[in-house]
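Here the structure is laid out as structure tokens; the discussion comes afterwards.
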Amino acid sequence: MYSVNYHRATSVVDAVKKIKTGDAKYLSGGMTLIPAMKTRLAAPSDLVDLNHIADLKGIKVSGKTVTIGAATTHFDVANDEKLMKVCPALCALASHIGDPAVRHRGTIGGSVANNDPAADYPSALLALGATIVTNKRQLAADKFFKGLFETALKDDEIVTAVTFSAPAKAGYAKFPNPASRYAMTGVFVTKGKEGVRAAVTGAGDDGVFRSKEVEAALTKKFEASALEGVSVPSKNLMADLHASPEYRANLVVVMAKRAVMAANA
Amino acid sequence: MGIEGIGARVARKEDKRFITGAGRYVDDMVVPGMKHAAFVRSPHAHADIKKIDVKAAEAMPGVIGVLTGKQLKADGIGNLICGWMIHSKDGSPMKMGAWSPLAVDRVRYVGDAVVVVVAETKGQARDAAEAVEITYKERKSVSDAVEALGKGAPQLHPEADGNLIFDWGIGDAAATDAALKTAAHITRVNIVNNRLVPNAMEPRAALGHYDKAEDHYTCWTTSQNPHVARLVMSAFYNVAPENKLRVIAPDVGGGFGSKIYIYPEEIVCLWASKKTGVPVKWVADRTESFLTDAHGRDHHTTVEMGFDKNNKIVGLKVDTIANLGAYMSLFSSATPTYLYATLLSGQYNIPAIYGNVRTVYTNTAPVDAYRGAGRPEATFVLERTMEIAARELGVSPAELRRSNFVTAFPHQTPVIMCYDAGDYGTSLDAAMKQADYAGFAKRKAAAAKKGKLRGIGMSCYIEACGIAPSAAVGSLGAGVGLWESAEVRVNAVGTIEVLTGSHSHGQGHETTFAQLVNSRFGVPLDSVSIVHGDTDKVQMGMGTYGSRSGAVGMSAIVKALDKVEAKAKKIAAHLLEADEGDIVIENGQLKVAGTDKNVPWFQMALAAYTAHNLPQGMEPGLKETAFYDPSNFTFPAGCYICEVEIDPETGKTDIVQFVAADDFGNIINPMIVEGQVHGGIAQGVGQALLEGAIYDGSGQLLTASYMDYTMPRADDLPSFQISTSNTPCPGNPLGIKGCGEAGAIGSPPAVINAITDALGHENLTMPATPQKVWAALRSGSKH
Amino acid sequence: MSEVSLVVNGRKVSGAVEDRTLLVHFLREHLGLTGTHVGCDTSQCGACVVHVDGKAMKSCTMLAAQASGSTVTTIEGLANGADLHPVQAAFKEHHGLQCGFCTPGMIMTATDMIRRHPEGLDEATVRAELEGNICRCTGYHNIVKAILAASKTMSKASKSKAKKAA
């Protein structure tokens, strides 16, 4: 790791003030940023730690409306009883991010702001039609995720919460990369007032995306059988050591089936 | 067997320190004034070094020294060597290219060390390493061994024309060709044995300390054989004469072969310590380990196996190209020759065998012995071929094997080895029974109902451990003898220290070796200490690899114990005024047989040291040394059966059952032996399903971290069902064969045979990743 | 430089460290607690797992400065004096370790796992929850066995405690 200056923010306002130092970066759970710094792939001059801002933590459920503070850990999302009642799919997703130690520390805000193309949460937020709340504005997930590690966030902008209305049905299934265990393909499906949405992570060349083909099939019938014979184009899917675009295209459909089964279970 | 003696399931003595965080590994060592090293490594697979500019680095904060290969050479440090001479078929010696601990004018793989920086902290050393400016002129590179032998391939070393290190043969080529001509059926197979990275969980590390006052060096290093390290660093690398160099291998966090070799880093840390005047520590990070630890396997092989009309094997012809990487590592030449081709007879009667092995330089990390070393490659060749032959011939894989088993011993194979004892049918029967082989069809049908493809596969392996005798390995080209030493010190109060040249890095020697002493003298385990891993304490030893610590290391202890026992009995006989021949040792007492006259062990020991009343002319004290040189290899063997279920939608393979039935001869501690088998199987399953080192076209290692190299994790594996049978080894006093590598040797073909059984065709290479199995389901013809 | 102060294994400790110092290096190099190990660079092997404020975390993926103000338990602080923690005892009894390098992280992960599953554990759950801890020696067979055994021992112990209290 290169040298870095550590700052602990006491409030969002304090964090915004501190981020103006040098080439500073916000630090949430640090589960991606710190490994990147250790291997010298990331080299911020300063870190502004958001973990001690009480306002950023916690989950509120009011009717169907769910609000999750940005500094809420994966472990807390996975085990929140109120959330489990309205959107168990999100709890299940959180319970399979990384490993137990990572879940104790990694946060939803960090994951969303980082927008790793193999992270789980972006697919959920996209499929849930969630809103990303920052210290400055509210952004629809459709507008927020911009590509590989790219979001609509401005330099000093902080994700403070995500909020969504829990759909009638939701399910997630992922096929992990055998080595890293990140999603090699993960599909989050929802069926709500505004219809069916299916978002894919881990597979797209340009990060998380919605699959037209899967959505069209599931709109007809929200059952795994509706996906029999459906294929998604392999164009614009990622190629790496562990999966070709064609294999990923297959996994999109298979994981979509399993996500629907989970949603209907 | 007593409650603590041979055969007892004793919990390990060494565990106390490991489970409380008190283990002491090299990175835990702190020496006053110690500083930290970072290596500047080649980012290119193949390039000329045009210029090295260290000025900017020297000016960085905390920097104590920035040292280059030129300085190292000027100080007379030697090149790294391969210690086993192989001659080609034409009689010419192997072509060893120069490997400087720090590259001087050319780099040959990504990770080749070029410059070392010593600084106050590890972070500062790394910061400064980035400031070293090296100008390279890139050359064309090659990472595949078959391509490296091809016309127009880039040439790595001037010594090795066409990158060929040697072209070696074993067996009778003419007789094999003639036998294959008579065959009623020939099975032909092309096999790739995938390249693996050993990945001991403790990364390699070295701490070099030059003591100016004594003109003496100490090296703490992650080594499986500190004495060999001292010998080689003295005799070949000119670091310091043996009497001026102490090598300590404290707790070592796994080796699996990768910590046998002497690497550039320990040489450089010692040299740099003298050069800079401070103790120098280097600890690899994981990516450095991936890039520079010796890799394993990486063979391309074609096989022809001929059968007569009764399905008896008539001949076997094997042609192998082995990738040895950019430089010849310490034992790299022996692995694909004497540890590989000599095992090509497997458990079978094969009248004629010919094996041809060509070894090749490529722009990749050096390749050397990794758990099993040659024997997994031989077993994979044979056991894939047998399974495919059974499928082609339409006979049961078990029966084809059984009808070709060697059943009479000793058995001389056509490829040097003489098997001394074994009972292959018993292992096969045990494994088939445990696996409910007969009930497989039902399970397959049940799986099909769930939409899963189920397959079963077996592998009957043999291996050779305790490489010996020294005179024989010497005649085959080994640069060292492969004996072991032991010293047994009985202290004046009767406690015992056993000094051994074997090194424990997970094998539990502190327990098993003490169990041996307990069996002999009845002394409690707590009163026996095993001392190892320090050249200043143990006079000489050959270390631990090739499953040799039991068969060779413990045999040396037996010899020393024999001497101690003889002297102890003389002392007791004198004290008890009895005949020496009537003394027996039981429950910690030396007794006159058939009487109640006795002298306790500790009292005898005290008498040896007070020397007030010893037999006429006897030297005081009770301490004996022995060297043991085995008369033959040992031959563990067994049968493994793997059953898999494949998810056809994703290609993911689950191992639903894994059965191992091994014959290791006599066993000291069944609990520890089981642990060795579990670990070996996990590495073998890892090779078959998960692991593979991949270089891209420009020689970059794509699998250089756990993000890309698939390590077996807990949920990749089932619990294993294992059992042992026992035909004692006649070649050593304890009847031990060795158990450290069997799991890694026997399991890969069992897994692949199971998957190909489920797939219905043979078109699959290791590792059988989900993507590959998914693709294989969509291609290839049914068999 | 940052001034950090923590409670480690029940003892108040503090020190001035470079801001880039990872918690694992603070423990190993400043406090001499070398039982916590580093086995990879990518936060995957789990040799560095400790408990921070009662939860298993990877001390290689956290700055010492981030941990300032926290309570940390390392492998050295798990046993109660000479009495081994039940998880430590189970690892020894069931031969859940060989070279010992991954062992501290395994034991800290296992302890946390058992705490989170007072209802008991089964083999599939143990294997799934070991995702962040890599062992190269044991094939996990005896680690799984040891954790299941320790979980049983500890739930028995807590039941008998509850009984006594009642």
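Taking residue B:460, is it open to solvent by 10 Å² or more (accessible area, probe 1.4 Å) and either touching a residue at least 40 places away in the same chain (Cβ under 8 Å) or touching a Leu at 6+ places or on another chain (Cβ under 9 Å) (or both)? No, not satisfied. For residue B:680, state whether it is touching a residue at least 40 places away in the same chain (Cβ under 8 Å), surrounded by 24 or more Cβ atoms within 10 Å (Cβ to Cβ) and closer than 27 Å to residue C:132 by Cβ. Yes. Taken over segment B:385-407, the residue count meeting the criterion of being open to solvent by 10 Å² or more (accessible area, probe 1.4 Å) and of a type outside the set (A, V, I, L, M, F, W, C) is 9. For segment B:1-31, the candidate set comprises residues that are open to solvent by 20 Å² or more (accessible area, probe 1.4 Å), more than 14 Å from chain C (Cβ to nearest Cβ) and out of contact with any Pro (no Cβ under 8 Å at 6 or more places or on another chain); within that set, the residue that is modelled with the lowest pLDDT is B:1.
Scanning segment C:145-161 for residues that are crowded, with 24+ Cβ neighbours inside 10 Å and not hydroxyl-bearing (Ser, Thr, Tyr) yields C:146, C:147, C:150.
Residue count for segment B:408-422 satisfying the condition of being crowded, with 17+ Cβ neighbours inside 10 Å and assigned to a loop (DSSP other than H, G, I, E, B): 8. Taking segment A:119-163 as the range and being among the basic types (Lys, Arg) and assigned to a strand (DSSP E or B) as the test, only A:146 passes. Give B:56, B:153, B:45, B:98 a once-over and let me know the one that is touching a residue at least 40 places away in the same chain (Cβ under 8 Å) and crowded, with 19+ Cβ neighbours inside 10 Å. Only one candidate passes the filter, namely B:45. Restricted to segment A:1-112, the set of strands (runs of 3 or more DSSP E) holding at least 1 residues that are open to solvent by 30 Å² or more (accessible area, probe 1.4 Å) and more than 12 Å from every other protein chain (Cβ to nearest Cβ) comprises A:24-27, A:59-62, A:65-69. Against the test of being of a type in the set (D, E, K, R), modelled with pLDDT under 95 and open to solvent by 30 Å² or more (accessible area, probe 1.4 Å), the options A:194, A:228, A:213 yield a single qualifying residue, A:194. Kindly evaluate residue B:117 against the criterion of being under 27 Å from the mean Cα position of the chain (by Cα) and not in a loop (DSSP other than H, G, I, E, B). When the stated conditions are applied, residue B:117 does not pass them.
Just so you know, in segment C:125-143 the residues that are away from chain A (no Cβ under 14 Å) and assigned to a helix (DSSP H, G or I) include one that is farthest from the chain's Cα centre (by Cα), and it is C:141.
Of all the residues in segment B:629-654, those that are surrounded by fewer than 24 Cβ atoms within 10 Å (Cβ to Cβ) and more than 14 Å from chain A (Cβ to nearest Cβ) number 4. In segment B:676-695, of all residues being of a type in the set (A, V, I, L, M) and in a helix (DSSP H, G or I), the one that is nearest to the other protein chains (Cβ to nearest Cβ) corresponds to B:682. Could you list, in sequence order, all residues of segment B:103-114 that are basic (Lys, Arg) and part of a loop (DSSP other than H, G, I, E, B)? If the condition is that a residue be basic (Lys, Arg) and part of a loop (DSSP other than H, G, I, E, B), then B:108 is the only one that fits. Quick check, is residue C:90 within 14 Å of chain A (Cβ to nearest Cβ) and not in a loop (DSSP other than H, G, I, E, B)? Judged against the criteria, residue C:90 is not a match. Checking A:191, A:235 one by one, the residue that is in contact with a Leu (Cβ under 9 Å, 6 or more places away or on another chain) and outside the structural domain of residue A:97 (by TED's automatic domain parsing) is A:191 and no other. Checked across segment B:740-756, the condition of being surrounded by 22 or more Cβ atoms within 10 Å (Cβ to Cβ) and in a loop (DSSP other than H, G, I, E, B) holds for at least one residue.
Every residue, every condition in (1) charged (D, E, K, R); (2) open to solvent by less than 10 Å² (accessible area, probe 1.4 Å); (3) part of a strand (DSSP E or B), yes or no:
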| site | (1), (2), (3) |
| --- | --- |
| B:318 | no, yes, yes |
| B:324 | no, yes, yes |
| B:331 | no, no, no |
| B:339 | no, no, no |
| B:346 | no, yes, no |
| B:351 | no, no, no |
| B:360 | no, yes, yes |
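Only a single criterion out of (1) away from chain C (no Cβ under 14 Å); (2) modelled with pLDDT under 95; (3) open to solvent by 10 Å² or more (accessible area, probe 1.4 Å); (4) under 24 Å from residue B:740 (Cα atoms) is not satisfied by residue B:531, namely (2). So, residue B:731, is that one of a type outside the set (Val, Ile, Thr), under 30 Å from residue B:553 (Cα atoms) and within 14 Å of another protein chain (Cβ to nearest Cβ) or not? Taking the combined requirement at face value, the residue does not satisfy it. Scanning segment B:708-727 for residues that are assigned to a loop (DSSP other than H, G, I, E, B) and open to solvent by 40 Å² or more (accessible area, probe 1.4 Å) yields a total of 3.
Residue B:556 meets the conditions (1) assigned to a loop (DSSP other than H, G, I, E, B); (2) touching a Phe, Trp or Tyr at 6+ places or on another chain (Cβ under 6 Å) in every case but one. The failed one is (1). Filtered by the rule that a residue be among the acidic types (Asp, Glu), within 14 Å of chain C (Cβ to nearest Cβ) and surrounded by 20 or more Cβ atoms within 10 Å (Cβ to Cβ), segment B:101-133 gives a lone residue, B:127. Scanning segment C:93-121 for residues being surrounded by fewer than 24 Cβ atoms within 10 Å (Cβ to Cβ), among the hydrophobic types (A, V, I, L, M, F, W, C) and within 10 Å of another protein chain (Cβ to nearest Cβ) gives a total of 1.
Here's the yes/no breakdown for (1) open to solvent by less than 20 Å² (accessible area, probe 1.4 Å); (2) among the hydroxyl-bearing types (Ser, Thr, Tyr); (3) in the same structural domain as residue B:427 (by TED's automatic domain parsing):
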residue	(1), (2), (3)
B:670	no, no, yes
B:673	yes, no, yes
B:706	yes, yes, yes
B:729	yes, no, yes
B:732	yes, no, yes
B:737	yes, no, yes
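Of all residues in segment B:573-584, none satisfies being within 33 Å of the chain's Cα centre (by Cα), open to solvent by less than 40 Å² (accessible area, probe 1.4 Å), not basic (Lys, Arg) and not assigned by TED's automatic domain parsing to the domain that holds residue B:248. Regarding segment B:595-618, can at least one residue be identified that is within 14 Å of chain C (Cβ to nearest Cβ) and in a helix (DSSP H, G or I)? Within segment B:595-618 (the criterion being within 14 Å of chain C (Cβ to nearest Cβ) and in a helix (DSSP H, G or I)), the answer is no, since none of the residues qualifies. Only one of the numbered conditions (1) open to solvent by 20 Å² or more (accessible area, probe 1.4 Å); (2) under 28 Å from the mean Cα position of the chain (by Cα) is violated by residue B:63, and that is (2).
The values are calculated or read from the model by the stated rules, or taken from the named source; none is laboratory data. Nothing here was measured: the structure is a model prediction, and the numbers come from that model. No Cβ is skipped: glycine too gets one built from the backbone with ideal geometry, and neighbour counts run over all protein chains shown. Please note that ligands, DNA and RNA were not included when accessible areas were found on the heavy atoms of the full protein model with its side chains. Shrake-Rupley method; radii C 1.70, N 1.55, O 1.52, S 1.80 Å.
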